[in-house]
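Enquirer: One structure, as structure tokens, below. Some questions next.
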Amino acid sequence: MIDIHSHILPMVDDGSQSVEDSLMMLINAYEDGTDEIVLTPHLAYEYGFENPYSYIKNLFEDFQNIVKQEHIPIQLYLGTEFLMSSPDVFLEHLEDITHMNHTQYILMEFFFDVDDKTILDAIDVVTVNNLIPIIAHPERYETVQVSSHLPWDMINHGALLQMNKGSIFGKYGSMARDIALEMLEAHQYHFVGSDAHGLQRRTSLMYDSYCFVRDYYGQDYADKIFKENAKKMLKDVDIRKRGTNE
Ligand SMILES: [Fe+2]
């Protein structure tokens, strides 16, 4: 499996708080069947997480060297989870946003009480700048939970959608779980991420989520959102184009 959303890079945000915890999260993920992980520390000025590319690229290289020394056979990539509070903040910090493995893809989240227009305007400003927005955990936003058309609107505006692995098990409440199941049924998700923050509460383990999706929504779809789409994304293939996501 490929995990495209994690807070495993140590001591930069509210994720892992030590190198030891980070290494253990990677070992746990590898033993659970994940062999590639994108490290996506928060870039969220409003939450006090200021992690521009110029800062985290060096930390990432240092951490990668430690992982190699420890012989953990897991492929790491760098990205960020950008808090998209407004188009102005996005444009102001365009150079600071770490793309997913140097591709045209960026991972972004919103405030949980964001409204529909803010989401769609944000997607538009990202695509106009020739980037592909991946929306982190749409099932967690209140407006997505009550407007069934919104996931299609986001997709039609050019966004791709990433489910958190724990949503289907009710880790973020029953509303998030129910909409995640509906979105899986409609094949609206393109990726899955652990959104791992530590060893206990939000872990790096994804296999039980993969099995659930495989058993209820089919192996083809499970393989697509837990691996194949991410593989293409990391090679900078635009999976929105006809023929690449079929
Ligand atoms: Fe996250």
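Taken together, the values in this text are just the output of simple stated rules run on the coordinates, not laboratory data. Because the structure is predicted, anything quoted here is derived from the model rather than measured. Note: ideal-geometry Cβ built from the backbone for every residue, glycine included; neighbour counts use all protein chains shown.
Per-residue answers, yes or no, for (1) under 18 Å from the mean Cα position of the chain (by Cα); (2) not aromatic (Phe, Trp, Tyr):
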{"position": "Ser85", "(1), (2)": "yes, yes"}
{"position": "Met100", "(1), (2)": "yes, yes"}
{"position": "Tyr105", "(1), (2)": "yes, no"}
{"position": "Met108", "(1), (2)": "yes, yes"}
{"position": "Asp115", "(1), (2)": "no, yes"}
{"position": "Thr118", "(1), (2)": "no, yes"}
{"position": "Asp121", "(1), (2)": "no, yes"}
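Enquirer: When the residues of the stretch 1-44 are filtered to those that are polar (S, T, N, Q) and more than 13 Å from the chain's Cα centre (by Cα), which remaining residue is surrounded by the fewest Cβ atoms within 10 Å (Cβ to Cβ)? Working first, answer last.
Expert: Filtering the stretch 1-44 for residues polar (S, T, N, Q) gives 6, 16-18, 22, 28, 34, 40.
Applying the additional criterion that residues be more than 13 Å from the chain's Cα centre (by Cα) yields 16-18, 22, 28, 34.
Values: Ser16: 27, Gln17: 14, Ser18: 11, Ser22: 26, Asn28: 15, Thr34: 25.
Top of the filtered list is Ser18.
Enquirer: Hey, could you check the stretch 155-208 for residues that are among the hydrophobic types (A, V, I, L, M, F, W, C), more than 26 Å from Arg240 (Cα to Cα) and more than 12 Å from the chain's Cα centre (by Cα) and say which is surrounded by the most Cβ atoms within 10 Å (Cβ to Cβ)? Walk me through how you get there before you give the answer.
Expert: Let us first name the residues in the stretch 155-208 that are among the hydrophobic types (A, V, I, L, M, F, W, C), namely 155, 159-161, 163, 168-169, 175-176, 179-181, 183-184, 186, 191-192, 196, 199, 205-206.
From the residues that got through so far, the ones that are more than 26 Å from Arg240 (Cα to Cα) too are 169, 175, 196, 199, 205.
Imposing the further condition that a residue be more than 12 Å from the chain's Cα centre (by Cα) reduces the set to 169, 175, 199, 205.
Values: Phe169: 13, Met175: 15, Leu199: 15, Leu205: 20.
My answer is Leu205.
The rows are residues; the columns are (1) under 26 Å from Leu131 (Cα atoms); (2) free of Cβ contacts under 8 Å to residues at least 24 places away in the same chain; (3) of a type in the set (S, T, N, Q); (4) outside any loop (DSSP other than H, G, I, E, B).
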| position | (1), (2), (3), (4) |
| --- | --- |
| Pro151 | yes, no, no, yes |
| Met154 | yes, no, no, yes |
| Gly158 | yes, no, no, no |
| Leu161 | yes, no, no, yes |
| Glu182 | no, no, no, yes |
| Gln188 | yes, no, yes, no |
| Gly198 | no, no, no, no |
| Arg201 | no, yes, no, no |
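Enquirer: Now a separate question. So, in the stretch 209-223, how many residues would count as being in contact (Cβ under 8 Å) with a residue 24 or more places away in the chain and either among the charged types (D, E, K, R) or surrounded by fewer than 20 Cβ atoms within 10 Å (Cβ to Cβ) (or both)?
Expert: Within the stretch 209-223, the first condition is being in contact (Cβ under 8 Å) with a residue 24 or more places away in the chain, and the residues that meet it are 209-210, 212-213, 216-217, 221.
In the following step, the residues that additionally are either among the charged types (D, E, K, R) or surrounded by fewer than 20 Cβ atoms within 10 Å (Cβ to Cβ) (or both) were identified as 212, 216-217, 221.
Result for the stretch 209-223: 4.
Enquirer: Which condition number in (1) surrounded by 18 or more Cβ atoms within 10 Å (Cβ to Cβ); (2) within 16 Å of the ligand (Cβ to nearest atom) is the one that Tyr47 fails?
Expert: For Tyr47, the exception is condition (1).
Enquirer: Hey, can you tell me all the residues within the stretch 93-118 that are within 16 Å of the ligand (Cβ to nearest atom) and either within 14 Å of His5 (Cβ to Cβ) or among the polar types (S, T, N, Q) (or both)?
Expert: Filtering the stretch 93-118 down to residues within 16 Å of the ligand (Cβ to nearest atom) leaves 97-98, 100, 105-112, 114.
Thr98, Met100, Tyr105, Ile106, Leu107, Met108, Glu109 - these are the residues of the stretch 93-118 that are within 16 Å of the ligand (Cβ to nearest atom) and either within 14 Å of His5 (Cβ to Cβ) or among the polar types (S, T, N, Q) (or both).
Enquirer: Regarding the stretch 4-25, can at least one residue be identified that is in contact with an Asp or Glu (Cβ under 6 Å, 6 or more places away or on another chain), in a loop (DSSP other than H, G, I, E, B) and of a type in the set (Val, Ile, Thr)?
Expert: no
Enquirer: Give me the residue from the stretch 18-39 that is under 14 Å from Leu59 (Cα atoms) and of a type in the set (S, T, N, Q) and, out of that set, nearest to the ligand (Cβ to nearest atom).
Expert: Restricting to residues being under 14 Å from Leu59 (Cα atoms) and of a type in the set (S, T, N, Q), the top hit is Ser22.
Enquirer: Further, regarding this structure: Condition first: surrounded by fewer than 16 Cβ atoms within 10 Å (Cβ to Cβ) and either under 19 Å from Ser194 (Cβ atoms) or within 16 Å of the ligand (Cβ to nearest atom) (or both). Can you find one or more residues in the stretch 78-92 that meet it?
Expert: No, that holds for no residue.
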